[in-house]
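Below: one structure, written as C-alpha coordinates.
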Amino acid sequence: MIAAALSALSEIVTPPFRSVLLKSLALTLAFLAALWWALEQSVSLYVAQSASWLASFISFLTGLGFFIALAFLIAPVSALVAGFFLDELAERVEIDYRGLGQQGQAAPTGQVIWLALRFAFMSLLVNLSAFLLFLIPGVNALVFFLANSYLLGREYFELAASRYRPPVEVRNLRRQNSWMIFRSGMLIAAFMSVPILNLLTPLFGTAFMVRVHLNIKDNQMITP
(Lines give C-alpha, C1' and ligand atoms only; values in the text may rest on other atoms or scores of the structure.)
Protein backbone atom coordinates (compact mmCIF):
# COMPACT_ATOMS: atom_id res chain seq x y z
CA MET A 1 0.00 0.00 0.00
CA ILE A 2 2.85 2.38 0.84
CA ALA A 3 4.54 1.52 -2.45
CA ALA A 4 1.29 2.33 -4.29
CA ALA A 5 1.05 5.68 -2.49
CA LEU A 6 4.65 6.59 -3.35
CA SER A 7 4.08 5.66 -6.99
CA ALA A 8 0.93 7.81 -7.02
CA LEU A 9 2.83 10.77 -5.57
CA SER A 10 5.45 10.54 -8.28
CA GLU A 11 2.80 10.22 -10.99
CA ILE A 12 0.76 13.31 -10.11
CA VAL A 13 3.63 15.56 -11.25
CA THR A 14 3.76 13.98 -14.72
CA PRO A 15 2.48 15.96 -17.76
CA PRO A 16 -0.94 14.22 -18.10
CA PHE A 17 -1.75 14.92 -14.45
CA ARG A 18 -0.41 18.48 -14.62
CA SER A 19 -2.65 19.10 -17.63
CA VAL A 20 -5.75 17.94 -15.71
CA LEU A 21 -4.69 19.98 -12.68
CA LEU A 22 -4.38 23.18 -14.72
CA LYS A 23 -7.72 22.60 -16.46
CA SER A 24 -9.56 21.82 -13.22
CA LEU A 25 -8.03 24.76 -11.34
CA ALA A 26 -8.85 27.17 -14.17
CA LEU A 27 -12.47 25.98 -14.29
CA THR A 28 -12.71 26.05 -10.48
CA LEU A 29 -11.48 29.65 -10.28
CA ALA A 30 -13.79 30.67 -13.12
CA PHE A 31 -16.77 29.11 -11.35
CA LEU A 32 -15.93 30.75 -8.02
CA ALA A 33 -15.39 34.12 -9.73
CA ALA A 34 -18.82 33.83 -11.39
CA LEU A 35 -20.37 32.89 -8.04
CA TRP A 36 -18.72 35.88 -6.36
CA TRP A 37 -19.99 38.22 -9.10
CA ALA A 38 -23.53 36.84 -8.89
CA LEU A 39 -23.58 37.22 -5.11
CA GLU A 40 -22.16 40.74 -5.29
CA GLN A 41 -24.79 41.76 -7.85
CA SER A 42 -27.59 40.32 -5.74
CA VAL A 43 -26.40 42.08 -2.60
CA SER A 44 -25.83 45.38 -4.40
CA LEU A 45 -29.49 45.47 -5.44
CA TYR A 46 -30.51 45.29 -1.78
CA VAL A 47 -27.73 47.59 -0.54
CA ALA A 48 -28.73 50.31 -3.01
CA GLN A 49 -32.03 50.65 -1.17
CA SER A 50 -30.45 50.82 2.32
CA ALA A 51 -28.97 53.65 4.35
CA SER A 52 -25.33 54.42 3.55
CA TRP A 53 -23.94 53.09 6.86
CA LEU A 54 -26.05 49.93 6.57
CA ALA A 55 -25.00 49.47 2.95
CA SER A 56 -21.32 49.64 3.91
CA PHE A 57 -21.84 47.22 6.79
CA ILE A 58 -23.71 44.71 4.61
CA SER A 59 -21.07 44.92 1.89
CA PHE A 60 -18.34 44.27 4.45
CA LEU A 61 -20.14 41.26 5.94
CA THR A 62 -20.87 39.86 2.50
CA GLY A 63 -17.25 40.10 1.40
CA LEU A 64 -15.97 38.64 4.67
CA GLY A 65 -18.50 35.81 4.62
CA PHE A 66 -17.71 34.84 1.05
CA PHE A 67 -13.96 34.97 1.74
CA ILE A 68 -14.40 32.54 4.63
CA ALA A 69 -16.72 30.38 2.53
CA LEU A 70 -14.05 30.12 -0.16
CA ALA A 71 -11.90 28.07 2.23
CA PHE A 72 -14.69 25.47 2.35
CA LEU A 73 -15.94 25.82 -1.23
CA ILE A 74 -12.71 25.50 -3.15
CA ALA A 75 -12.18 21.84 -2.22
CA PRO A 76 -15.69 20.59 -3.18
CA VAL A 77 -15.80 22.74 -6.31
CA SER A 78 -12.39 21.49 -7.45
CA ALA A 79 -13.55 17.92 -6.69
CA LEU A 80 -16.64 18.50 -8.85
CA VAL A 81 -14.61 19.86 -11.77
CA ALA A 82 -11.84 17.25 -11.47
CA GLY A 83 -14.48 14.52 -11.33
CA PHE A 84 -15.07 14.93 -15.06
CA PHE A 85 -11.39 14.16 -15.75
CA LEU A 86 -10.90 11.24 -13.35
CA ASP A 87 -11.59 8.53 -15.95
CA GLU A 88 -8.89 10.08 -18.12
CA LEU A 89 -6.46 9.92 -15.20
CA ALA A 90 -7.47 6.37 -14.26
CA GLU A 91 -6.74 5.21 -17.80
CA ARG A 92 -3.31 6.84 -17.65
CA VAL A 93 -2.51 5.07 -14.38
CA GLU A 94 -3.64 1.72 -15.77
CA ILE A 95 -1.34 2.14 -18.79
CA ASP A 96 1.61 3.03 -16.55
CA TYR A 97 0.85 0.16 -14.17
CA ARG A 98 -0.18 -2.62 -16.55
CA GLY A 99 0.77 -1.50 -20.04
CA LEU A 100 -1.36 -1.14 -23.17
CA GLY A 101 -4.31 -3.45 -23.53
CA GLN A 102 -4.89 -3.72 -19.79
CA GLN A 103 -7.24 -0.79 -19.21
CA GLY A 104 -10.75 -0.80 -17.85
CA GLN A 105 -13.70 0.83 -19.58
CA ALA A 106 -14.81 4.42 -19.01
CA ALA A 107 -18.14 4.68 -17.24
CA PRO A 108 -21.20 5.93 -19.19
CA THR A 109 -21.67 9.71 -19.30
CA GLY A 110 -24.57 9.62 -16.87
CA GLN A 111 -22.53 7.65 -14.36
CA VAL A 112 -19.57 10.02 -14.76
CA ILE A 113 -21.82 12.99 -13.97
CA TRP A 114 -23.25 11.14 -10.97
CA LEU A 115 -19.76 10.28 -9.67
CA ALA A 116 -18.59 13.89 -10.10
CA LEU A 117 -21.63 15.23 -8.23
CA ARG A 118 -21.22 12.64 -5.50
CA PHE A 119 -17.53 13.53 -5.14
CA ALA A 120 -18.46 17.18 -4.76
CA PHE A 121 -21.22 16.43 -2.25
CA MET A 122 -18.95 14.23 -0.14
CA SER A 123 -16.21 16.85 -0.21
CA LEU A 124 -18.70 19.55 0.81
CA LEU A 125 -20.05 17.33 3.59
CA VAL A 126 -16.56 16.63 4.91
CA ASN A 127 -15.57 20.30 4.85
CA LEU A 128 -18.80 21.36 6.52
CA SER A 129 -18.27 18.69 9.17
CA ALA A 130 -14.75 20.00 9.70
CA PHE A 131 -16.13 23.48 10.33
CA LEU A 132 -18.71 22.19 12.84
CA LEU A 133 -16.23 19.90 14.57
CA PHE A 134 -13.79 22.77 14.85
CA LEU A 135 -16.10 24.10 17.56
CA ILE A 136 -15.67 20.90 19.62
CA PRO A 137 -12.07 20.82 20.90
CA GLY A 138 -10.51 17.49 21.77
CA VAL A 139 -12.38 15.30 19.30
CA ASN A 140 -12.59 17.44 16.18
CA ALA A 141 -9.30 16.42 14.54
CA LEU A 142 -9.71 12.69 15.23
CA VAL A 143 -13.35 12.46 14.14
CA PHE A 144 -12.67 14.55 11.05
CA PHE A 145 -9.72 12.36 10.07
CA LEU A 146 -11.58 9.07 10.57
CA ALA A 147 -14.67 10.30 8.70
CA ASN A 148 -12.46 11.49 5.85
CA SER A 149 -10.63 8.17 5.75
CA TYR A 150 -13.87 6.24 5.31
CA LEU A 151 -15.50 8.59 2.80
CA LEU A 152 -12.45 9.20 0.63
CA GLY A 153 -11.41 5.55 0.64
CA ARG A 154 -14.90 4.48 -0.41
CA GLU A 155 -15.35 7.11 -3.12
CA TYR A 156 -11.99 6.68 -4.83
CA PHE A 157 -12.11 2.90 -4.64
CA GLU A 158 -15.55 2.80 -6.25
CA LEU A 159 -14.31 5.13 -9.00
CA ALA A 160 -11.38 2.81 -9.76
CA ALA A 161 -13.35 -0.44 -9.50
CA SER A 162 -16.29 0.80 -11.58
CA ARG A 163 -14.05 0.77 -14.66
CA TYR A 164 -13.94 -3.04 -14.41
CA ARG A 165 -17.11 -4.10 -12.58
CA PRO A 166 -20.84 -3.34 -12.39
CA PRO A 167 -22.03 -1.35 -9.33
CA VAL A 168 -23.20 -4.40 -7.34
CA GLU A 169 -19.82 -6.12 -7.69
CA VAL A 170 -18.03 -2.89 -6.78
CA ARG A 171 -19.96 -2.60 -3.51
CA ASN A 172 -19.39 -6.27 -2.65
CA LEU A 173 -15.68 -5.98 -3.36
CA ARG A 174 -15.48 -2.85 -1.21
CA ARG A 175 -17.11 -4.66 1.72
CA GLN A 176 -14.79 -7.65 1.33
CA ASN A 177 -11.73 -5.37 1.45
CA SER A 178 -13.11 -2.74 3.82
CA TRP A 179 -10.10 -2.66 6.16
CA MET A 180 -7.56 -2.22 3.37
CA ILE A 181 -9.71 0.45 1.71
CA PHE A 182 -10.12 2.28 5.03
CA ARG A 183 -6.35 2.28 5.58
CA SER A 184 -5.87 3.53 2.03
CA GLY A 185 -8.42 6.25 2.77
CA MET A 186 -6.32 7.29 5.78
CA LEU A 187 -3.43 8.09 3.45
CA ILE A 188 -5.71 10.14 1.18
CA ALA A 189 -7.16 11.95 4.23
CA ALA A 190 -3.66 12.76 5.47
CA PHE A 191 -2.82 14.16 2.03
CA MET A 192 -6.01 16.22 1.99
CA SER A 193 -5.28 17.72 5.41
CA VAL A 194 -2.38 19.76 4.01
CA PRO A 195 -3.56 23.23 2.88
CA ILE A 196 -3.05 24.07 -0.82
CA LEU A 197 -1.82 20.52 -1.40
CA ASN A 198 -5.40 19.36 -0.83
CA LEU A 199 -6.29 20.74 -4.28
CA LEU A 200 -4.33 17.79 -5.65
CA THR A 201 -6.42 15.28 -3.69
CA PRO A 202 -8.49 14.12 -6.72
CA LEU A 203 -5.27 13.44 -8.63
CA PHE A 204 -3.53 11.61 -5.80
CA GLY A 205 -6.67 9.72 -4.76
CA THR A 206 -7.24 8.47 -8.31
CA ALA A 207 -3.62 7.48 -8.97
CA PHE A 208 -3.38 5.74 -5.60
CA MET A 209 -6.71 3.92 -5.51
CA VAL A 210 -6.46 2.66 -9.09
CA ARG A 211 -3.30 0.87 -7.96
CA VAL A 212 -4.98 -0.45 -4.82
CA HIS A 213 -7.86 -1.87 -6.89
CA LEU A 214 -5.54 -3.45 -9.43
CA ASN A 215 -3.56 -5.08 -6.60
CA ILE A 216 -6.79 -6.55 -5.19
CA LYS A 217 -7.82 -7.68 -8.68
CA ASP A 218 -4.45 -9.39 -9.23
CA ASN A 219 -4.64 -11.13 -5.85
CA GLN A 220 -8.11 -12.43 -6.71
CA MET A 221 -6.77 -13.94 -9.92
CA ILE A 222 -3.87 -15.60 -8.06
CA THR A 223 -5.94 -17.00 -5.19
CA PRO A 224 -7.19 -20.50 -6.07
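The values are calculated or read from the model by the stated rules, or taken from the named source; none is laboratory data. From a predicted model like this one, the values you see are computed outputs, not experimental measurements. Neighbour counts run over all protein chains shown; Cβ positions are idealised from the backbone, glycine included. The accessibility values were calculated without ligands, DNA or RNA, using every heavy atom of the protein model including side chains. Shrake-Rupley method; radii C 1.70, N 1.55, O 1.52, S 1.80 Å.
Structure data summary
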item: Qualifying position, being open to solvent by 50 Å² or more (accessible area, probe 1.4 Å), closer than 23 Å to ASN198 by Cβ and modelled with pLDDT under 75, among LEU115, LEU124; result: LEU124
item: Residue count, the range 171-224 (criterion: under 16 Å from MET122 (Cα atoms) and outside any helix (DSSP H, G or I)); result: 1
item: Candidate set from the range 1-50 (those that are outside any helix (DSSP H, G or I) and of a type in the set (S, T, N, Q)); member that is modelled with the highest pLDDT; result: THR14
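Per-residue answers, yes or no, for (1) open to solvent by less than 70 Å² (accessible area, probe 1.4 Å); (2) of a type outside the set (Lys, Arg); (3) over 21 Å from ILE95 (Cα atoms); (4) in contact (Cβ under 8 Å) with a residue 24 or more places away in the chain:
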position	(1), (2), (3), (4)
ILE188	yes, yes, yes, yes
PRO195	no, yes, yes, no
GLY205	yes, yes, no, yes
VAL210	yes, yes, no, yes
